[in-house]
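Since the structure comes first, as structure tokens, the remarks are kept for the end.
Values in this text are rule-based calculations from the coordinates and carry no lab data. Note that the coordinates shown come from a computational prediction; the quantities given were computed from them, not determined experimentally.
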Amino acid sequence: MPFFMILMWKRITKHQTLTLTTIAFITTIIGALLFAFTQHVSPFIGFYWAITTITTVGYGDVTPHNTLGRVIAMGTMLTTIPLAGAAFAGWAANMASLHIRRALGMTLDKTRDHLIVLGYSPLLIHLLPDLLQEHQNLVLVSMMDTTHLPPEIPCITGDPTNPHVLAKAHLSQAKQIVVVGETDGEVLMTAVEAQHLAPDVPIFAITQSRRATHTLQDLGILHSVAAQDLLGHTLAKSLETPHAADLFTTILASDQTRLQEMVVPPAWVGQELSAIRSQNAENCLILLGLVHENQIFLGVHQDRVIEMNDRVLFLTAGT
């Protein structure tokens, strides 16, 4: 039972309006019971008084008759009335947002080659603008409060581990799927369900730990990154080389450069990585590394012979 209550509270707190509504309801019940106890009336009368008070109707037929009752009334008015007002405003905004998203989502049935983001993470608010800049055809499936999201993002509100919810996003027609979550367990469950429904669509998962990325790889989901590792390595390199973080950001965010990945051309097979790197240096193509069986080889300490179906990462001038 305690685990169930904790799980329910986590679900509620993901939605700001639902959180405000829940707190307002709890404070209303507390105020009603305290009023009934101190004014010697029935709980129903206490609840009636609380409702007329927080809705600012104030018929005046039920009023506190002593100092303690007046203190309870002031506490109820100072806490519950603002909470209820914010909750009502939130629900109104959600309804308006829902109508807008439904209008924008009328073409979702025809959507193809779109980027789908599954799940919720505190980082998601900061990630979505960058994703939207690179992928204008984006669909979000999450239980998060969507009132603060750009209205042009079609959002399917629901549990991303629920197959019926995922079916609305047409995963099999997507170009890529990004999976996020507050815990590694949520990421694993969502990624496995997405892989089951869309086995041919590339899935990229953002986990909390390296252990979770290894688990995903064992399950056949090869593309994932551990946020803690990424931040930790970047910080460590930045302490050693102060401009390392600036270099990473420039490579990834600059409009003047473009990071690409492709299968090696047949003419490169059998040649060493250093030789290919030298041949393409004059073409403004910076060969960063080689991908062989999902492992990255930079060719710094030891050269490597390129094999069939290897992939290369390279940096070119932006278009």
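So the values come out like this:
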item: Cα-based shape type of the stretch 255-317, given that a ≥ b ≥ c are square roots of the gyration tensor eigenvalues and the cut on a/c is 1.5; result: prolate
item: Whole-number percent relative contact order across the stretch 190-279, with pairs defined as alpha carbons under 8 Å at least 6 apart; result: 17 percent
item: Rg over Rh, two decimals, the stretch 170-212 (C-alpha only, Kirkwood Rh); result: 0.98
item: Per residue, the convex hull volume that the Cα atoms of the stretch 111-230 enclose (Å³); result: 92 Å³
item: Cα gyration tensor shape for the stretch 204-301, rounded if a/c is under 1.5, else prolate or oblate; result: oblate
